[in-house]
Amino acid sequence: MTPKQKRLILPIVILALGFVSLVGVALFIVSQPAEQRATASVGGPFQLVDQTGTRVSEATYKGGPMIIFFGYTHCPDVCPTTLFEMSQVLARLPKDKKVSTLFVTVDPERDTPALLKEYLSSFDSRISGLSGTREEIEATLKAYRVYAKKVLQENGEYTMDHSAIIYLMDGRGRFVNALNLQQSSEAVARDIQRLM
């Protein structure tokens, strides 16, 4: 076997192993019950503190749809815009039906319960702010597959780079879909009402 042939074999072997692994993963996923496949990848248990200082978990919000998104109070644009748009959606939902809307900080070092309470006072009162220790927040970010990273600035301050998905969960805490706020607030409200 020539050196050139040896160099060609390694990439072919790697590709073949990758293909076999991919097929194995696909077969495993397909072998899972449909309900488990749909819900296993997003969400899970969490232990955090709301803006009143009360300890909460995912069980606190079961029994109705849950909307959950991640951000921070020093966010210059995406977070306040999302909170404003969600406030418009909530205004179109019946107040007598249970729907939990959670704003989970990705910056627990600055976002204390007291600061979250003050910040959220500008938005719909049904939006709860959740914080916790860095470890508790990291566990929640992992459960919801959220990207968040501290970005240092020249003046010694920092911002947080983070994903901006708005998760819609059902009354049992299972992922339904990501809300699309590019739609009208009426259309988003209808998507939520289907779970009420």
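The values are calculated or read from the model by the stated rules, or taken from the named source; none is laboratory data. Model, not experiment: these values are computed from the prediction. Because the Cβ atoms are built from the backbone with ideal geometry, glycine has one as well, and the counts that use them run over all protein chains shown.
Kindly check whether there is at least one residue in segment 171-183 that is in contact with a strand residue (DSSP E or B) (Cβ under 9 Å, 6 or more places away or on another chain), exposed (fewer than 14 other Cβ atoms within 10 Å of the Cβ) and of a type in the set (A, V, I, L, M). Scanning segment 171-183 turns up at least one residue that is in contact with a strand residue (DSSP E or B) (Cβ under 9 Å, 6 or more places away or on another chain), exposed (fewer than 14 other Cβ atoms within 10 Å of the Cβ) and of a type in the set (A, V, I, L, M).
Touching a helix residue (DSSP H, G or I) at 6+ places or on another chain (Cβ under 9 Å) and either in the same structural domain as Val106 (by TED's automatic domain parsing) or of a type in the set (Val, Ile, Thr) (or both): does that describe Ile192? Against the criterion (touching a helix residue (DSSP H, G or I) at 6+ places or on another chain (Cβ under 9 Å) and either in the same structural domain as Val106 (by TED's automatic domain parsing) or of a type in the set (Val, Ile, Thr) (or both)), Ile192 qualifies.
From the list Arg110, Arg126, Arg134, the one residue that fits, being within 19 Å of Asp191 (Cα to Cα) and surrounded by fewer than 20 Cβ atoms within 10 Å (Cβ to Cβ), is Arg126. Comparison of Thr105, Thr101 shows that the only residue that is farther than 18 Å from Gly53 by Cβ, buried (at least 18 other Cβ atoms within 10 Å of the Cβ), within 16 Å of the chain's Cα centre (by Cα) and in contact (Cβ under 8 Å) with a residue 24 or more places away in the chain is Thr101.
Restricting attention to segment 76-98, the residues that are under 19 Å from Ala148 (Cα atoms) and surrounded by 21 or more Cβ atoms within 10 Å (Cβ to Cβ) total 2.
Any residue in segment 54-69 that is in contact with a Cys (Cβ under 8 Å, 6 or more places away or on another chain), under 20 Å from Val146 (Cβ atoms) and not acidic (Asp, Glu)? No: segment 54-69 contains no residue that is in contact with a Cys (Cβ under 8 Å, 6 or more places away or on another chain), under 20 Å from Val146 (Cβ atoms) and not acidic (Asp, Glu).
So that you can scan it fast, the table gives a plain yes or no per residue for (1) modelled with pLDDT of 95 or more; (2) assigned to a loop (DSSP other than H, G, I, E, B); (3) among the hydroxyl-bearing types (Ser, Thr, Tyr):
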| position | (1), (2), (3) |
| --- | --- |
| Val89 | yes, no, no |
| Pro94 | no, yes, no |
| Val104 | yes, no, no |
| Arg110 | yes, yes, no |
| Lys117 | yes, no, no |
| Phe123 | yes, yes, no |
| Lys142 | yes, no, no |
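Can you confirm whether Tyr147 is in the same structural domain as Leu90 (by TED's automatic domain parsing), exposed (fewer than 14 other Cβ atoms within 10 Å of the Cβ), modelled with pLDDT of 95 or more and touching a Ser or Thr at 6+ places or on another chain (Cβ under 8 Å)? It is true that Tyr147 is in the same structural domain as Leu90 (by TED's automatic domain parsing), exposed (fewer than 14 other Cβ atoms within 10 Å of the Cβ), modelled with pLDDT of 95 or more and touching a Ser or Thr at 6+ places or on another chain (Cβ under 8 Å).
Let's see how each residue does on (1) touching an Asp or Glu at 6+ places or on another chain (Cβ under 6 Å); (2) among the hydrophobic types (A, V, I, L, M, F, W, C):
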position	(1), (2)
Val104	no, yes
Asp107	no, no
Gly132	no, no
Glu135	no, no
Tyr144	no, no
Leu152	no, yes
Val176	yes, yes
Glu186	no, no
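Filtered by the rule that a residue be of a type in the set (A, V, I, L, M) and in a helix (DSSP H, G or I), segment 49-86 gives Ala59, Val78, Leu83, Met86.
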